[in-house]
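One structure below.
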Amino acid sequence: MTISKSPVNNLVDQIQRGELCCVDVVAQSLAKIDKMDKSINSFVSVLHEMAMNRAEQLDKLSADEKKKMPLLGVAVGVKDNICTKGITTTCASRMLKNFVPMYNATVVDALLNAGAVIVGKTNLDEFAMGSTTETSVNGITHNPCDSERIPGGSSGGSAAAVGAKMVEVAVGSDTGGSIRQPCSHCGAVGLKPTYGRVSRFGLVAFASSLDQIGPITNDIRDAGKLLSVISQPDSRDSTCAGKPFVDDQSLYTSDLKGLRIGVPDEYFARGLSDDVRTSIQKLMDSLKGQGVELVQLSMPNLEYAIAAYYILCTAEASSNLARYDGVKYGFRAEKVDSLDDMYAQTREQGFGSEVKRRIMLGTYVLSSGYYDAYYLKAAKVRTLIAEDFNKAFGTCDAVIAPVAPTPAFKIGEKISDPLQLYLTDIYTVSANLAGIPGVSVPCWKSPDGLPIGVQFLSPKWREDVLMKIGFAVQNIVQ
Ligand code: GLN
């Protein structure tokens, strides 16, 4: 069992003891980015000057002030759909290419108050719509483990940056798997918190009832630490529950005796690749050996999760993205004939094809005549899926699942077939539909050395269970 400290705790301790200074730590991260990111392209912008200035300021603080900062000097990457005051927030879209927010997202303020240093904004699929980070106007991000492969998405930039250890921590957003899936492909830990745990103020909205910001790290304990920092109450987001996560160190003991983990048949049915199945099966055997009780169960409505998700998220996206009209902010088309033409040209030129596809689909499912058949039905299915989980959690403490059907595939392999791509989200979207937390932790790699993540899902507000299991898994797999 590992008793060593997590990378972030170790770093912060050293800085607080005066053995390291923030300037050196941040400079080291920036140097790694300069060296590695030309080929990976995980950052949309790198904030050399700003980060170094801030590190200098932090070094000047008194020892007492430093003691109060749980992320003192920690270099962080922030997904580029999370607003940063004075720093472009592009959403990887032409529509927001020059958008400079006048305010910080609540999570950004929380990170800064904790002493973190933002070293850059990370790449994503345009408006977080995608699973591969191939639809970014800033170019494709490459998987740090194999540059011919996708890093996953949409938080592919954050996951690749952490996986390659250019930064120890990053934040991403997860609407249907965008934190967990890229972490699975890049060998990182990714946590989607309970809906309402973390403020969404300043997160550019994709599908508001599903979106949630969460941590991406190399160690489960650092995910817990980061979550405790970013899960503060916030009156600026009415869906923020004001229930901060308490990062109790006694969670990290590796003792899982008596824990019941549900294994839904539907998550291990056909469609799952042998590589992923073998890796997770081996883990289940080890967990059993440690006294975990595996509970076989069925969640019959999971079958409809993808269909429901893609109706609901596109419906919400079509409404959320109506604000990009060329009037208020963002891109505006030139050489137009009329106001209507300006709206049309702005949206035609400003959005990429995946975003347009979703706006059209979303508008369709919300239109009168189709609303009952699609949107309303999907909303009902959502409730059924939440009930499946409630029932499952009556007999187990957490559920185990794959994160993605296969390890990372090749760049270009699926991008021209949206339906195929949507289907790869099969294991992640249900947590967002049900509002429950989910974590992806590295499991054993595939025979050809590609990372494979394993997912654990728990009842709402029980991220502590995920931390506990995640820590044990981390120790088993290391
Ligand atoms: N891949 C999913 C989608 O394209 C999830 C995206 C996300 O979580 N932001 O909708």
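The values are calculated or read from the model by the stated rules, or taken from the named source; none is laboratory data. Computed from a predicted model, the values in this text were never measured in an experiment. Cβ atoms come from the backbone with ideal geometry, glycine included; neighbour counts cover every protein chain shown. These accessible areas exclude ligands, DNA and RNA; they are computed on the full protein's heavy atoms, side chains included. Shrake-Rupley method; radii C 1.70, N 1.55, O 1.52, S 1.80 Å.
With respect to SER178, determine if the residue is of a type in the set (Gly, Ala, Ser), part of a helix (DSSP H, G or I) and under 16 Å from the mean Cα position of the chain (by Cα). No, not satisfied.
Quick one: how many residues across region 112-157 are away from the ligand (no atom under 14 Å from the Cβ) and open to solvent by 10 Å² or more (accessible area, probe 1.4 Å)? Spell out how you get there, then give the answer.
Of the residues in region 112-157, the ones away from the ligand (no atom under 14 Å from the Cβ) are 112-121, 137-149.
Applying the additional criterion that residues be open to solvent by 10 Å² or more (accessible area, probe 1.4 Å) yields 112-113, 118, 137-140, 142, 144-149.
Looking only at that region, the number is 14.
A count restricted to region 359-403 and to residues that are small (Gly, Ala, Ser), under 25 Å from the mean Cα position of the chain (by Cα) and closer than 30 Å to ARG277 by Cβ stands at 5. Hey, any hits in region 100-111 for a residue that's buried (at least 24 other Cβ atoms within 10 Å of the Cβ) and on the phi > 0 side of the Ramachandran plot? No, that holds for no residue.
Checking each residue in region 326-338 for being of a type outside the set (Phe, Trp, Tyr), surrounded by 12 or more Cβ atoms within 10 Å (Cβ to Cβ) and closer than 18 Å to THR90 by Cβ picks out GLY326, GLY330, ARG332, ALA333. Would you confirm whether or not region 34-55 contains a residue that is crowded, with 17+ Cβ neighbours inside 10 Å, out of contact with any Cys (no Cβ under 6 Å at 6 or more places or on another chain), outside any strand (DSSP E or B) and among the acidic types (Asp, Glu)? Yes: one or more hits.
Taking the criterion of being under 28 Å from SER6 (Cβ atoms) and acidic (Asp, Glu), the only residue of region 250-274 that qualifies is ASP255.
Is at least one residue of region 360-378 in contact (Cβ under 8 Å) with a residue 40 or more places away in the chain and in contact with a Pro (Cβ under 8 Å, 6 or more places away or on another chain)? Checked region 360-378: no residue is in contact (Cβ under 8 Å) with a residue 40 or more places away in the chain and in contact with a Pro (Cβ under 8 Å, 6 or more places away or on another chain). Somewhere in region 261-275, is a residue out of contact with any strand residue (DSSP E or B) (no Cβ under 6 Å at 6 or more places or on another chain), of a type in the set (Asp, Glu) and not in a helix (DSSP H, G or I)? So far as region 261-275 goes, no, none of its residues is out of contact with any strand residue (DSSP E or B) (no Cβ under 6 Å at 6 or more places or on another chain), of a type in the set (Asp, Glu) and not in a helix (DSSP H, G or I). When region 411-445 is limited to residues that are of a type in the set (D, E, K, R) and more than 23 Å from ASN390 (Cα to Cα), the one that is nearest to the ligand (Cβ to nearest atom) turns out to be LYS414.
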